[in-house]
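Everything below concerns the one structure shown next.
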Amino acid sequence: MAAKKCAEAGLRVLLLEKQAIPRDKVCSGLIMGQWAVQIMEREFGGIPQSALATPPLLTGHRFYVGAAAPEDLVWPSALSWRKDLDSWMVRRAADSGVRVWDETQVRGVSAEQTGYRIVFQRGETRSELLARAVIGADGATSAVRKSLYPDLRVRYSGPIRLCYQGALDLDKQLFHWFFPKSLPRPRFNVNHKGDVFLVEGSALQELQSEAGAILARYGFDPAAQPLWKDGCAIALLHDALVGGSFKPGRGNVLLVGDAGGLILPITYEGIGSALKSAILAAEAVIDSLERGTDAAAVYLQRLQPMLRVIDRLRQLQSDLAARPQTEAGLLKQQLRDAYRETLTLQMVAEDHG
Ligand SMILES: Cc1cc2nc3c(=O)[nH]c(=O)nc-3n(C[C@H](O)[C@H](O)[C@H](O)COP(=O)(O)OP(=O)(O)OC[C@H]3O[C@@H](n4cnc5c(N)ncnc54)[C@H](O)[C@@H]3O)c2cc1C
C-alpha cells in the first residue's frame, strides 16, 4: 500500500521483500474492520474473487466461553489466504510503477548525509543502496525498527497455526473463538478455508489437551496429524507506543503496520491498521520530499487518532482481564461487546481524526 501510494505520486519506489512472492503469512486473512474494508474499496476498487478464499465472505464471529451456549456477533468479513491477497496487492503496486525485488532481505538502515543507506542481501550477495526515505513495512520482527532503535526491548507473543484436512461440525461461514478457561485469555480460534480447517492461537501449546477435547465435540480427532504447522511473532508494543517511549518514525524512516507495533488490541486485527498507517506514511513521505521537511514529524502527528484508538482498546482489554471472574454467560457477552467495540471504534477515529 505504501509503495503503491508513493509510486502514484511520481516517486521512484523499490519494494524489498525477503521471501519469494507469493509468500504466506500466519494470519486468518479476515478483512475485518472498517479501515481495511474502506481502504480495499477506495484504493484497490475491491478485492477480486481470485484473492479470496472459500468461502469468500464470513457472516460473523461466534464466541464459546466455558459451557455457556455460544454467542454470535454478526459482522460480514472477506476471507483470504494472505499469499493470494498480498501478492495481488503487490501486483497492483507493480502496475503503478513500483519495482519489486523479492527474495531480498533488508539487513539494516543507517542515516547518511545524502539519505539512508540500506544494506540488503540477495542469495549470497550483500549489496547496498541509498534512498531519500524508507518505509519499514517489514512486520513484527522488523529489521528497520531494529536499525532505528537497537536498544528497544520488545516483548513478543508467538502464535502458532495448525492446518488439518477436512472440516469440523462448525458453521463454515463463521469465525469461531474459544475461551476454554472462561477468561478473555488464553484463547484459540478455528476457521475453514476450502477443504481444510485451521486452528490458531498464541497459547495453543499450553491449551493443546483442552483444545483437542473441546474440538472433539465438533468431530475433531485429537490424534489427527496436521497437514502443516507454522508460527510467527507479534510484537507487544502498545504500552511503549501509547506511553511515547517508542515512536514509529525518525527522520525519513517510518514504521508501519506490525513493524510499528500497530496491530490492534483485543481482536489482534492488523491488516487494516497496516494499510491505514501505510497510507499515512506514504503521504508524509510525499509531502516531506516536496517541502524538504522531516517525514517522521508529519507521520507521527497524523498517527495520533490511531494511537488514541489503540489506547482505548488497550484499556478495554485490561479492564476485561481485570474483571473478577464472571460467569461464562456474562463473559461471552462482554467479549462480544468488546470485539464489536474494536470494530466500530475505528470508524469513530476516522470520523474525528
Ligand atoms: C494467528 C494470527 C491471525 C491473524 N488474523 C488476522 C486477521 O484475520 N485479520 C487481520 O486484519 N489481522 C490478522 N492478524 C494480524 C496480521 O496478520 C498482521 O497484523 C498484518 O499482517 C501486519 O501487516 P504488515 O504488512 O505490517 O506485516 P506482515 O504482514 O508481517 O508483512 C511483513 C513483510 O515483510 C517481510 N520482511 C520481514 N523482514 C524483512 C526484511 N528484513 N527484509 C525484507 N522483507 C522483510 C515479510 O516477509 C513480510 O512479507 C493475525 C495475526 C496472527 C498472528
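The values are calculated or read from the model by the stated rules, or taken from the named source; none is laboratory data. Computed from a prediction, not measured in an experiment: that's the story for all the values here. Please note: Cβ atoms are built from the backbone with ideal geometry, for glycine as well, and neighbour counts cover all protein chains shown. Heavy atoms of the whole protein, side chains included, go into the accessibility calculation; ligands, DNA and RNA do not. Shrake-Rupley method; radii C 1.70, N 1.55, O 1.52, S 1.80 Å.
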Top-ranked residue in the stretch 117-160 [being within 21 Å of the chain's Cα centre (by Cα) and in a strand (DSSP E or B); ranked as farthest from the ligand (Cβ to nearest atom)]: Arg155
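Residue-wise test of (1) in a loop (DSSP other than H, G, I, E, B); (2) crowded, with 21+ Cβ neighbours inside 10 Å; (3) in contact (Cβ under 8 Å) with a residue 60 or more places away in the chain.
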site: His176; (1), (2), (3): no, yes, yes
site: Val190; (1), (2), (3): no, yes, no
site: Glu200; (1), (2), (3): no, no, yes
site: Gln208; (1), (2), (3): no, no, no
site: Ile214; (1), (2), (3): no, no, yes
site: Ile266; (1), (2), (3): yes, no, yes
If we keep just the residues of the stretch 88-116 that are part of a strand (DSSP E or B) and away from the ligand (no atom under 15 Å from the Cβ), which is nearest to Met40 (Cα to Cα)? Gly115
When restricted to Ser28, Ser50, the only residue polar (S, T, N, Q), part of a helix (DSSP H, G or I) and modelled with pLDDT of 95 or more is Ser50
Need pairs with beta-carbon distance below 6 Å; first residue on the phi < 0 side of the Ramachandran plot and within the stretch 318-344, second modelled with pLDDT under 85 and of a type in the set (Phe, Trp, Tyr); sequence gap 6+ or separate chains. none
Long-range neighbours under 8 Å by Cβ, at least six apart or interchain, first residue closer than 11 Å to Trp177 by Cα within the stretch 52-80, second assigned to a loop (DSSP other than H, G, I, E, B) and small (Gly, Ala, Ser): Val65/Ser182
Looking only at the stretch 5-35, which residues are closer than 27 Å to Thr104 by Cβ, of a type in the set (A, V, I, L, M) and open to solvent by less than 20 Å² (accessible area, probe 1.4 Å)? Ala7
Only one of these conditions is not met by Ala284: (1) surrounded by fewer than 20 Cβ atoms within 10 Å (Cβ to Cβ); (2) modelled with pLDDT of 95 or more; (3) among the aliphatic types (A, V, I, L, M). Which number is it? (1)
What number of residues in the stretch 278-289 are touching a Gly at 6+ places or on another chain (Cβ under 9 Å) and away from the ligand (no atom under 16 Å from the Cβ)? 2
So Ala295, is it more than 16 Å from the ligand (Cβ to nearest atom), open to solvent by less than 20 Å² (accessible area, probe 1.4 Å) and not acidic (Asp, Glu): yes
Scan the stretch 289-298 and tell me whether some residue there is in contact (Cβ under 8 Å) with a residue 12 or more places away in the chain and within 20 Å of the chain's Cα centre (by Cα). no
Select from the stretch 237-256 the residues that are open to solvent by 50 Å² or more (accessible area, probe 1.4 Å) and under 18 Å from the mean Cα position of the chain (by Cα) and list them in ascending order. Asp239
Does Leu275 fit the bill of being away from the ligand (no atom under 16 Å from the Cβ) and assigned to a helix (DSSP H, G or I)? no
